[in-house]
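K.L.:
This structure is in structure tokens; I'll ask about it shortly.
The values are calculated or read from the model by the stated rules, or taken from the named source; none is laboratory data. This is a predicted model, so every value here is computed, not measured. Note: ideal-geometry Cβ built from the backbone for every residue, glycine included; neighbour counts use all protein chains shown.
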């Protein structure tokens with residue numbers, strides 16, 4: 001990476017890193033969770049996005065929050081490309097990335113925690129962090145939650161019996 005990644009950038013990469021290819025400067029999320037929406041906006045502003053450039057659209061039961069920022073989009077792509085090295089360089093950055101991924105695609109059903117649409121790089125990063133998963137299901141939930149609890153909004157909703 002040619003830049004120094006931050007916790008905010010890594011969280012955004014996890015949250016919005018699966019950007020559509022046709023417009024490589026768009027960074028956005030689809031969400032129903034207002035807290036995640038507010039955090040996305042807050043982190044975007046902290047990373048230098050002009051507040052007037054942040055757009056919000058209603059889409060069925062979801063809200064699409066996005067902005068165009070080619071430099072930030074490129075940095076997110078770099079974090080996505082190099083995500084497996086985050087665990088080796090700085091654990092806090094890896095935790096933030098996984099927390100963003102969980103907030104974007106995580107589900108909690110009873111005592112089961114899953115993350116949909118994990119890519120191979122995500123699975124490898126989880127393994128490097130000591131988190132085991134099979135078919136998107138997290139096997140060692142307590143260890144997983146301990147790693148991301150400080151960064152993830154969705155993890156705060158998990159109550160294990």
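K.L.:
I need the full set of residues from the range 132-152 which are closer than 18 Å to residue 109 by Cβ and buried (at least 16 other Cβ atoms within 10 Å of the Cβ), in order please.
P.N.:
Scanning the range 132-152 gives 133, 136, 138, 141, 144, 145, 148, 152.
K.L.:
Just checking, which of 136, 70, 152 is closer than 23 Å to residue 47 by Cβ and in contact with a strand residue (DSSP E or B) (Cβ under 9 Å, 6 or more places away or on another chain)? Full working, then the answer.
P.N.:
Values: 136 fails: closer than 23 Å to residue 47 by Cβ; 70 fails: in contact with a strand residue (DSSP E or B) (Cβ under 9 Å, 6 or more places away or on another chain).
Only one candidate passes the filter, namely 152.
K.L.:
Can you give me the number of residues within the range 133-153 that are over 17 Å from residue 94 (Cβ atoms) and not in a strand (DSSP E or B)?
P.N.:
So the answer is 6.
K.L.:
Here's something else I'd like to know. For residue 45, all conditions in the list (1) surrounded by fewer than 16 Cβ atoms within 10 Å (Cβ to Cβ); (2) at pLDDT 95 or above; (3) touching a strand residue (DSSP E or B) at 6+ places or on another chain (Cβ under 6 Å) hold save one; what is the number of the exception?
P.N.:
Among (1) surrounded by fewer than 16 Cβ atoms within 10 Å (Cβ to Cβ); (2) at pLDDT 95 or above; (3) touching a strand residue (DSSP E or B) at 6+ places or on another chain (Cβ under 6 Å), the lone unmet condition for residue 45 is (3).
K.L.:
Pairs please, first residue from the range 125-137 and assigned by TED's automatic domain parsing to the domain that holds residue 110, second anywhere and surrounded by fewer than 13 Cβ atoms within 10 Å (Cβ to Cβ) and assigned to a strand (DSSP E or B), Cβ atoms under 7 Å, 6+ apart in sequence or on different chains.
P.N.:
Here the result reads 137/112, each pair linking the range 125-137 to a residue that is surrounded by fewer than 13 Cβ atoms within 10 Å (Cβ to Cβ) and assigned to a strand (DSSP E or B).
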